[in-house]
1. Of all residues in region 53-89, count the ones that are small (Gly, Ala, Ser), assigned to a loop (DSSP other than H, G, I, E, B) and either closer than 11 Å to ALA38 by Cα or in contact with a Gly (Cβ under 7 Å, 6 or more places away or on another chain) (or both).
2. If SER5 passes every condition in (1) among the hydroxyl-bearing types (Ser, Thr, Tyr); (2) open to solvent by less than 60 Å² (accessible area, probe 1.4 Å); (3) at pLDDT 95 or above but one, which one does it miss?
3. Looking only at region 67-80, decide whether some residue is charged (D, E, K, R) and modelled with pLDDT of 95 or more.
4. Looking only at region 8-35, count every residue that is open to solvent by 60 Å² or more (accessible area, probe 1.4 Å) and touching a residue at least 24 places away in the same chain (Cβ under 8 Å) and tell me the total.
5. For region 56-69, check the following and say yes or no: at least one residue is within 14 Å of the chain's Cα centre (by Cα) and not aromatic (Phe, Trp, Tyr).
6. Within region 20-31, restricting attention to residues that are of a type outside the set (Lys, Arg), under 15 Å from SER78 (Cβ atoms) and part of a helix (DSSP H, G or I), which residue is modelled with the lowest pLDDT?
7. Hey, can you tell me all the residues within region 36-53 that are β-branched (Val, Ile, Thr) and surrounded by fewer than 16 Cβ atoms within 10 Å (Cβ to Cβ)?
8. When region 54-97 is examined, which residues are found to be open to solvent by 100 Å² or more (accessible area, probe 1.4 Å) and either in contact with a Leu (Cβ under 6 Å, 6 or more places away or on another chain) or among the β-branched types (Val, Ile, Thr) (or both)?
Amino acid sequence: METKSFQENKDLEVSSENIFADLGLPNPEERLAKAKLAMQINILIKEKEMSQKEAAELLGTDQAKISALHTGRLAGFSIERLLRFLLILDQTVSIKIASRTKGKNIPSINVSLQKKKT
């Protein structure tokens, strides 16, 4: 079986590091930010060993919304709501505003998660 090197395979594309942009979806920066926030919320719920019902009660929503959050169906969530969930889960949220990086055509939203100290 013949193998091709990366340079020979013209069907491959280098990722932009934002799958939503790569797929051509609208608002890719917002989608990626929401996905990262939701991922952190799901990690915290799991670490606290809460059921979806318990998480819903704590976060002031219903179990169906927690299920949607768990499965990545985030259309019904605003960034503000996800940030509020993180605050309720006893997290500190920092927002940094900076000038756009030179050479970048569009403004961006960046969510970085601090690794848990052990």
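1. 2
2. For SER5, the failing item is (3).
3. yes
4. 2
5. Yes, region 56-69 has at least one match.
6. Only one residue tops the list, namely GLU29.
7. ILE43
8. The answer is THR92, ILE95, ILE97.
The values are calculated or read from the model by the stated rules, or taken from the named source; none is laboratory data. Fair warning: this is a prediction, and the values are worked out from it, not measured in the lab. In this analysis, Cβ positions are derived from the backbone assuming ideal geometry, glycine residues included, and neighbour counts consider all displayed protein chains. SASA here: full protein model, heavy atoms, side chains in, ligands and nucleic acids out. Shrake-Rupley method; radii C 1.70, N 1.55, O 1.52, S 1.80 Å.
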